[in-house]
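The block underneath contains the structure these notes are about, expressed in structure tokens.
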Amino acid sequence: MKQLPSYRILENLSKQAKDRHLASLFGDDTNRFEEFNVKLPGLILDYSKQNLTAEDRQSLLNLAEEAKLTEWIEKLFTGEKINHTEGRAAGHTFLRDLADPKAEVSEQWAKMEELVERVHTKQLRGYSGKAITDVVNIGVGGSDLGPLMVTHALKGVRSPLAPELHFVSTLDGKQLQRLLKNLSAETTLFIIASKSFTTIDTLSLAKTAREWVESFSPTQAGTMQHFIGVSTNAPMMQEWGLLPEHQLLFWEWVGGRFSLWSTIGLTIALQQGMQGFKAFLQGAHEIDVHFRTTPFKDNVAVMLGLISVWNINFLNLAGQAILPYDSRLKYLASYLEQLVMESNGKHVSRSGEMIDYRTCPILWGEVGPNAQHAFYQLMHQGTERVMSDFILYAEASGKSERHTFHHHLNIANCLAQSRALMVGKTDDDPNKDYPGGQVSNTLLFDKLDAKHLGMMIALYEHSVFVQSVIWDINPFDQWGVELGKKIALEIFQKIEAKDTEGLDSSTQGILQSIWKTQNEN
Ligand SMILES: O=P(O)(O)OC[C@H]1O[C@H](O)[C@H](O)[C@@H](O)[C@@H]1O
């Protein structure tokens, strides 16, 4: 990236940016909002509270041209194997193109629709003949976070036929044990969601669930009525004993963290109906078309990505806070943690060279009004400079007077915080002095429904891709998670054998302390 001419220009421009206060950009410029926002039907990205002038923006746009962003976007949409370390395309956008679906995708949509239908019409019955009332998604990472986030967000607009949904992901087993206490085996259906169908977390939980059903079910055939598999690994689903009509497939070209658009979205379809699930895909598809065809300056995903590059590489900000002013987006930050950090947490370029510039931000977040009472102190008066994304909805979630009251209170707090972070406040008492100058985006959506949620997620996906192109990294692999898994297996074998030989002294010491406590109790 450093070789790109605009990089040098941006480095110089950033010196001026560091010398000015963000609030000074507003000064007499009453038009700043008009100049620094991008609008699409259903949403506005206001980036006027970024420390960015029109000249800075122009150089960022030039940087995107020099990095050949247009060509990379085409490679993404035409299915080139841009995940070169795994020899795969990144085909999540194909799943959202409902007007021109791939044959294998249509086939799985039809199978998924049939399963949804059978649950909704109470034809899918357990070992005792009772209809399914509860569905438990067992999965981790991409096979958990997306569906969890979306179904929590859309709970208020679920199909009246939808079963109760539950999500289990942690291999410690406590989450599952607690849940099982409140469920009836007769009426519970488990979805084993795993792209690889080899993840120990998911397979160990699925085995526990199976033993639980087996302890009630009189027959093996009855037990298998309670399990559905969603994976790219058909042989492993077969080996697990899943019924053929209970096996949903997706493909290697769908990355784990992009898999909520595939059959991994089964819980979303169960909650929203197939039509609702397709509205979700449609929202994302509209953003795909926008991303592929809109000039960079008017392109929301491109601008989101370039603003992050400006903040991370030129203004040296390491943190990105995700602040939805809507409790329905409780799990958005967890979802984006995987999308952003598993994608761009990389330190080698596409050609395998170590890189010497910052790549991914450290992303975290919380529903805004709660976060105000938790970590906003750091943003107002700490020593770290961070960038924030405020997410707000124009439409209230209900029409009563109390709904309106709470909605107005929520909007006021969101706008107050982004303004306070921007302008700060000087005070003679340093304890009460706010430096301000903290930059933010505000993403304002008309409303929160399946379509607008699809739009938002696709925007973040593409903004991550834009950043990866500028940084010359592969955002679609995740080799960094493998080492820990391998060591976990080695330590697990040591624990089972009660042997610590060959382990480092910290690991030995902790294991011995655990065994001592266990022996004493
Ligand atoms: O869906 P699975 O194959 O079970 O994988 C679940 C998750 O685990 C892995 O360790 C990866 O880091 C994630 O990208 C993936 O989403």
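Below is a table of values for the structure above.
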{"read-out": "Added length on full extension, which subtracts the Cα-Cα distance from 0.36 nm per residue, LYS485 to THR426", "value": "16.2 nm"}
{"read-out": "At q = 0.09, 0.10 Å⁻¹, base-10 log of I(q)/I(0) for the chain (Debye sum, equal scatterers on each alpha carbon)", "value": "-0.72, -0.87"}
{"read-out": "Simple spin-label estimate for ALA416 and LYS130 in nanometres, 7 Å along Cα-Cβ", "value": "4.9"}
{"read-out": "For LEU483, LEU443, order by how many other beta-carbon atoms lie within 10 Å, fewest first", "value": "LEU483, LEU443"}
{"read-out": "Length released on extending from SER334 to GLU80, taking residue separation times 0.36 nm less the Cα-Cα span", "value": "88.5 nm"}
{"read-out": "Rounded to 10°, Cα long-axis angle of helix 200-214 versus longest principal axis of the chain", "value": "40"}
{"read-out": "The chain: angle of helix 450-471 to the longest principal axis, Cα-based, in degrees nearest 10", "value": "60"}
{"read-out": "Full-stretch length increase - HIS21, THR219 - with 0.36 nm per residue and alpha-carbon distance subtracted", "value": "64.2 nm"}
{"read-out": "Pair SER196, ARG32: separation of 7 Å Cα→Cβ label points (nm)", "value": "4.8"}
{"read-out": "Spin-label model distance (nm) - THR517 vs GLN177, 7 Å beyond Cα toward Cβ", "value": "1.4"}
{"read-out": "MRE, 222 nm, helices only [DSSP H, n ≥ 4, -39500 (n - 2.57), over the chain, to nearest 500]", "value": "-14000 deg cm²/dmol"}
{"read-out": "Overall form of segment 206-290 per C-alpha gyration tensor (a/c, 1.5; a/b vs b/c)", "value": "prolate"}
{"read-out": "For a label point 7 Å along the Cα-to-beta-carbon line of PHE492, residues of segment 198-214 with backbone N under 14 Å", "value": "198-208"}
{"read-out": "Peptides ranked, highest mean first, by Cβ atoms within 10 Å: ranges 424-430, 161-167, 10-16", "value": "161-167, 10-16, 424-430"}
{"read-out": "Cut-off 19 Å, label 7 Å out along Cα→Cβ of LYS102, residues of segment 63-77 by amide N", "value": "73-77"}
{"read-out": "Too-long pairs where the Cα-Cα distance tops 20 Å, listed order kept, from LYS49/LYS297; LYS39/LYS447; LYS18/LYS49; LYS278/LYS447; LYS39/LYS102; LYS330/LYS432", "value": "LYS39/LYS102; LYS330/LYS432"}
{"read-out": "Sorted peptide list for 474-481, 82-89, 322-329, criterion being average Cβ within 10 angstrom, highest first", "value": "322-329, 474-481, 82-89"}
{"read-out": "FRET efficiency estimate (nearest 0.05) - Cβ-Cβ, ASP446 to HIS373, R0 41 angstrom", "value": "0.90"}
{"read-out": "Global geometry of segment 330-430, whether rounded, prolate or oblate, following the gyration tensor of its Cα atoms and the 1.5 cut on a/c", "value": "oblate"}
{"read-out": "Between segment 253-275 and segment 351-426, the Cα center-to-center distance that results, in Å", "value": "28"}
{"read-out": "Burial ranking of peptide ranges 177-190, 496-509 (average Cβ count within 10 Å, highest at the top)", "value": "177-190, 496-509"}
{"read-out": "Acute angle (nearest 10 degrees) that the helix 54-66 long axis makes with the longest principal axis of the chain, alpha-carbon atoms", "value": "50"}
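Read the figures in this text as sums done on the coordinates, not as results from a lab. The shown structure was predicted, so the numbers you read here are calculated from the model rather than taken from an experiment. Every residue, glycine as well, gets a Cβ built from its backbone with ideal geometry; the counts of neighbours run over all protein chains shown.
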